[in-house]
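The values are calculated or read from the model by the stated rules, or taken from the named source; none is laboratory data. Keep in mind that what you see is a predicted model, and the values were worked out from it rather than measured. Please note: Cβ atoms are built from the backbone with ideal geometry, for glycine as well, and neighbour counts cover all protein chains shown. The accessibility values were calculated without ligands, DNA or RNA, using every heavy atom of the protein model including side chains. Shrake-Rupley method; radii C 1.70, N 1.55, O 1.52, S 1.80 Å.
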Amino acid sequence: MSASGAGTEFGVFLPVASGGWIVSDTAPRPPATYEHNKRAALLAEEAGMDFVMSMAKWRGYGGRTDHWGETLESVTLMAALAEATERVGVWATVHTNLVHPAVAAKVFATLDQVSGGRAGLNVVVGAYEREFSQMGLWDAAQGHADRYRMTDEWMRLVDRLWTEPSVTARGEFFTLDDCTSRPHPARRPRVVSAGRSAAGLAFQAEHCDGSFLTAEDVEGLRVAAAQVRRLAAERGRSIRTYAMLTVVLDETDAAARRRFAEYGRGYDREAITAMKLSWGLPLERAMSMTAGDEAHEAFQTAVVVGGPDLVVEQVLEHVGAGGLDGLMLVFPDYLADLPVFGEAVLPRLR
């Protein structure tokens, strides 16, 4: 059972960008195609997963792997996958600095219908400058706090448009004049968001059903999970907590360790450095961070490595010690790994 008293949720972060979640030329390289993601989503549903989610990404990181050089658009993809699947939640991502709240309200009310109530909205505060400056949509004068004020206003307007017959509002960032958005969703789509800053956690506590957390270690996850739950409780709300985790699974622990080492061997230092520069790190620090444990450096999340017994043990430890309500999982080879995970690991986690 999760800390909230409900069952632990397991989802899949779909490989909507070329190369997936391992920045290496010796790892499997999922293509950014609808067919590949459709097969992964169907396998996730067959395995018994609870949701599938896709990110929104507008520019890759180059390097010899051209990591994330090709990407699919998140909401379009999830609408198609809502038709292709029957049970899993379909959670799409929107950058609040790209999509007007009236457009987002209409889009997700439509996805609610298409999915039969399985829609989820992952709210992202666009913070990677190069993704948006290429479109002429980056406001260099807007700081971190400004972007979260804008996103708070954005979410409040979306919620009003989902529930009120007409909305008139003149805020700091958006103006609505007798704005209508009908039909309303039959139920509020599941709203989730990520972020560890004080502003990010406050936004999640105020508006979100789920918080995606990151930390240096499992203890850091536990602290962050407790913090966002406390902030939500202070607002008279509850919130579920999640983290990302990559699963390198094989028949034996030794075979899984060989997979892990082989994937790490081909890590693309140039692409990883570009990714860390996009986070706002200075070049010297970004390069120094890619000079350590090369095997781990290729992976973008925490990793569990082993045969079925050890993976079950490590996943349960991650959830329990981290105080989490769920995990969003990444697989090196979605099409090969998901059936094995669904047969050898997930039933034991349940």
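In summary, strands (runs of 3 or more DSSP E) completely within the range 137-241 and bearing 1 or more residues that are touching a helix residue (DSSP H, G or I) at 6+ places or on another chain (Cβ under 6 Å), open to solvent by 10 Å² or more (accessible area, probe 1.4 Å) and touching a residue at least 60 places away in the same chain (Cβ under 8 Å) occur at 175-179. The condition of being touching a Lys or Arg at 6+ places or on another chain (Cβ under 6 Å), open to solvent by 10 Å² or more (accessible area, probe 1.4 Å) and farther than 21 Å from ALA233 by Cα holds for only one of VAL107, VAL125, that being VAL125. Taken as a whole, the range 39-60 holds no residue that is buried (at least 24 other Cβ atoms within 10 Å of the Cβ), more than 26 Å from LEU98 (Cα to Cα) and hydroxyl-bearing (Ser, Thr, Tyr).
Okay, residues lined up against (1) modelled with pLDDT of 95 or more; (2) open to solvent by less than 50 Å² (accessible area, probe 1.4 Å); (3) in contact with a Phe, Trp or Tyr (Cβ under 6 Å, 6 or more places away or on another chain):
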position	(1), (2), (3)
GLU251	yes, no, no
ALA254	yes, yes, no
GLU270	no, no, no
MET287	no, no, no
VAL303	yes, yes, no
VAL312	yes, yes, no
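Of ALA274, ALA255, ALA194, ALA198, all but one fail to be under 24 Å from ASP50 (Cβ atoms) and of a type in the set (A, V, I, L, M, F, W, C); the exception is ALA194. On inspection, VAL90 qualifies as in contact with a Lys or Arg (Cβ under 7 Å, 6 or more places away or on another chain), of a type in the set (Val, Ile, Thr), in a strand (DSSP E or B) and closer than 22 Å to ALA243 by Cβ.
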